[in-house]
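> Handing you a structure now.
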Amino acid sequence: MPERSHASDWPVVQPPLGWATQPATHPAALTSTLSAELAALRHAGRCDEALEVLASCLRLQEDARLLLQWHGRMRALTVYPRLGRCLLPRAMPHRRAPAASTVAADLAVIAVEAADPPPRAGLQPLPPMLWRLAWQVPGPRLLAVLRGELAFRLAPGLPDTEWFPPALRAAAQRLQQEAAPLTILARWPGMDTAQAIRLLNGAYLQGHLIRLQHHPAFWRRLL
């Protein structure tokens, strides 16, 4: 049985008025492995970045409840990676294509807690929510695990891409056929650095990004 560390290891936040208090049955601990990853993010100054925290949960297949500052409101997002489901009360529609105007300037993680067992009803598919977060996160910043001398390809079957505009869909299809580092991907037709970062981050969260070591001199010849 894995060793567990208390949720108090993560910064505590006082819930605002009207925010539902935790039920007495709510688990009081995160696993030691997830706590260690969160501590590393805190040390790197990235513990408030929603995508980094989600990436840790997904890598470890750990259920977790994220308390988010999102569009000026406090919201609780619970993820169940092994089920491919999430819970976000009063969630915004996620099938509509995210537009630049929907970027949330204040999207940040306030706290991370152990998750309640999944409810019998009310769960939503996780892939659309991951895309929404990848597109709404301010910045954006490339996930730490994707930094370095890497080229990327997409594995077939990237989920929930119906909303992709034509240029992004073309880039995603091309990236299934050929590898490219971020600098090259950002120069493809209709793409820029921000869109390329969002595509790579989102594809990584979906588990469909292939990372390849590359020689920088080779790619510099193509710039």
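> As an exercise, use a Förster radius of 25 Å and the Cβ-Cβ distance of Glu162 and Ala40 to find the FRET efficiency, rounded to the nearest 0.05.
Numbers: r = 35 Å, r/R0 = 1.41.
E(calc), rounded to 0.05, equals 0.10.
> Mind ordering 34-40, 207-213 by average Cβ neighbours within 10 Å, highest first?
On the way: 34-40: 18.6, 207-213: 15.1.
Most protected by this proxy first, the peptides run 34-40, 207-213.
> So who's got an amide H within less than 5 Å of the one on Leu68, skipping anything under 5 residues away but keeping other chains? H placed 1.01 Å off N, in plane.
Correct list: Arg75, Ala76, Leu77, Ile110.
> How much length, in nm to one decimal, is gained on full extension between Arg73 and Glu178, taken as 0.36 nm per residue of separation minus their Cα-Cα distance?
Working: separation 105, 0.36 × 105 = 37.80 nm, distance 4.09 nm.
The Arg73-Glu178 span can extend by a further 33.7 nm.
> While we're on this one: Treating the beta-carbon of each Lys and Arg as +1 and of each Asp and Glu as -1, no other charges, what is the dipole magnitude of the range 144-220 about its Cα centre, to the nearest 20 debye?
For the range 144-220, the charge dipole is close to 180 debye.
> At 0.36 nm per residue, and after removing the present C-alpha to C-alpha distance, how many nm does the segment from Thr33 to Arg211 gain when stretched out fully? Walk me through the intermediate numbers first.
Details: separation 178, 0.36 × 178 = 64.08 nm, distance 2.34 nm.
Between Thr33 and Arg211, full extension yields 61.7 nm more.
> Another question about this same structure. Could you work out how far apart the two model spin labels at Val145 and Leu123 are, taking each label as a point 7 Å from the Cα in the direction of the beta carbon, and quote it in nm?
Using points 7 Å along Cα→Cβ, the separation is 2.1 nm.
Each reported figure results from applying straightforward, stated rules to the coordinates on display, with no laboratory input. This one's a predicted model, so the numbers in the text were calculated from it and none came from an experiment. So basically every Cβ, Gly included, is an ideal-geometry build from the backbone, and we count neighbours across all protein chains shown.
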